[in-house]
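> First the structure, then my questions, so here it is.
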Amino acid sequence: MRKPFIVANWKMHKNVAESVDFVNQIKDKLPDPDKVEVGISPQAFALHSMKQAAGDSGLRIIAQNAAAEFSGPFTGELSLRGLRDLGTDYVMLGHIERRRMFGENNAAVNKKVESALQMGVTPIICTDETMVQKVVNGEIHYVFQQLMDVLHGISLDQIKKVVISYEPSWAVGVGQHANVALAEEGCRTIRRTIADNYTYEIADKIRILYGGSVNPDNIKALMAKPDIDGVLVGRASLDVDNFLKMANYLDED
């Protein structure tokens, strides 16, 4: 059974003091980490302090981005080697805002995914709804071409270690209610894409998150869908009470 994964993406919000205070307010109120995995992705300068504050609570502190190179003359970049040494378990790669605002393409994200896997940091690969028709075993399938380009060269053993987040452009940052049926359709298509290109057994084990206007009002409906294994939450995760409601969605009435 795939363990649910609730992830907060704070983007460029909260300073170190605010980030640590947030962790201190929630760390003793999180669900059993054996049942639900919970993580927060803050700005890079808060990673170390938040990890210290989280202690043994089970809260994952997740990097928002990283460079493909491990070291060198890359001013302003974040090293995966450094993240690994910090004890960072996950890194988000290919987020739609990185693509739109900073021009990251599939080839660049692919290199980052390869480097993250090499360093033992689990990539949370973000992908949108770009699909193409392909004939697989005589049948027409809709395939997430962007995702497959990002996974180019990733082996059977490596693909088992990734997490995928479906963040359709029509839902990211709009502040409207997510369309649950379309969210499930997208996640199901991603799982089928993985099955077609790797194996059905692997596809059944990979966790697929949904990101796009997730909030306390719609999280239970989203998480009830068979192919949605977790959520990537934006603005609704900035508030302690809202985030705790989402993290503890199994206990909410």
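> Would you be able to tell me the number of residues in the stretch 158-190 that are at pLDDT below 95, within 16 Å of the chain's Cα centre (by Cα), closer than 24 Å to Lys112 by Cα and surrounded by 16 or more Cβ atoms within 10 Å (Cβ to Cβ)?
Qualifying residue count, the stretch 158-190: 7.
> Here's a check for you: in the stretch 101-148, which residue that is at pLDDT below 95 and in contact with a Pro (Cβ under 8 Å, 6 or more places away or on another chain) is surrounded by the most Cβ atoms within 10 Å (Cβ to Cβ)?
Asp128
> Of all residues in the stretch 34-77, count the ones that are of a type in the set (A, V, I, L, M) and more than 15 Å from the chain's Cα centre (by Cα). Show your work before the answer.
From the stretch 34-77, those of a type in the set (A, V, I, L, M) are 36, 38, 40, 44, 46-47, 50, 53-54, 59, 61-63, 66-68; that's our starting set.
When the remaining residues are screened for being more than 15 Å from the chain's Cα centre (by Cα), the result is 44, 46-47, 50, 53-54, 67-68.
Matching residues across the stretch 34-77 total 8.
> Kindly check whether there is at least one residue in the stretch 52-68 that is open to solvent by 40 Å² or more (accessible area, probe 1.4 Å), in a helix (DSSP H, G or I) and out of contact with any Cys (no Cβ under 8 Å at 6 or more places or on another chain). Steps first, answer last, please.
Just the residues of the stretch 52-68 that are open to solvent by 40 Å² or more (accessible area, probe 1.4 Å), to begin with: 52, 55-56, 60, 64.
Right, trim to in a helix (DSSP H, G or I) and you get 52.
Going one step further and asking which of them are out of contact with any Cys (no Cβ under 8 Å at 6 or more places or on another chain), we end up with 52.
Within the stretch 52-68, one or more residues are open to solvent by 40 Å² or more (accessible area, probe 1.4 Å), in a helix (DSSP H, G or I) and out of contact with any Cys (no Cβ under 8 Å at 6 or more places or on another chain).
> Considering only helices (runs of 4 or more DSSP H) fully contained in the stretch 200-253, which possess at least 2 residues that are modelled with pLDDT of 95 or more and crowded, with 19+ Cβ neighbours inside 10 Å? If you could, list the steps in order and put the result at the bottom.
On the way: elements: 200-205, 219-223, 240-247.
Here the list reads 219-223, 240-247.
> Right, here's the next one. Would a scan of the stretch 79-87 turn up a residue that is over 30 Å from Lys35 (Cα atoms) and open to solvent by 50 Å² or more (accessible area, probe 1.4 Å)? Walk me through how you get there before you give the answer.
Quick first cut of the stretch 79-87, residues over 30 Å from Lys35 (Cα atoms) only: 79.
After this cut, where a residue has to be open to solvent by 50 Å² or more (accessible area, probe 1.4 Å) as well, the list is none.
No; the residues of the stretch 79-87 include none that is over 30 Å from Lys35 (Cα atoms) and open to solvent by 50 Å² or more (accessible area, probe 1.4 Å).
The values are calculated or read from the model by the stated rules, or taken from the named source; none is laboratory data. Since the structure is predicted, the reported quantities are computational estimates derived from the model, not experimental observations. For neighbour counting, all protein chains shown are included, and Cβ atoms are generated from backbone atoms with ideal geometry for every residue, glycine included. Accessible surface areas use protein heavy atoms only, side chains included; no ligands, DNA or RNA. Shrake-Rupley method; radii C 1.70, N 1.55, O 1.52, S 1.80 Å.
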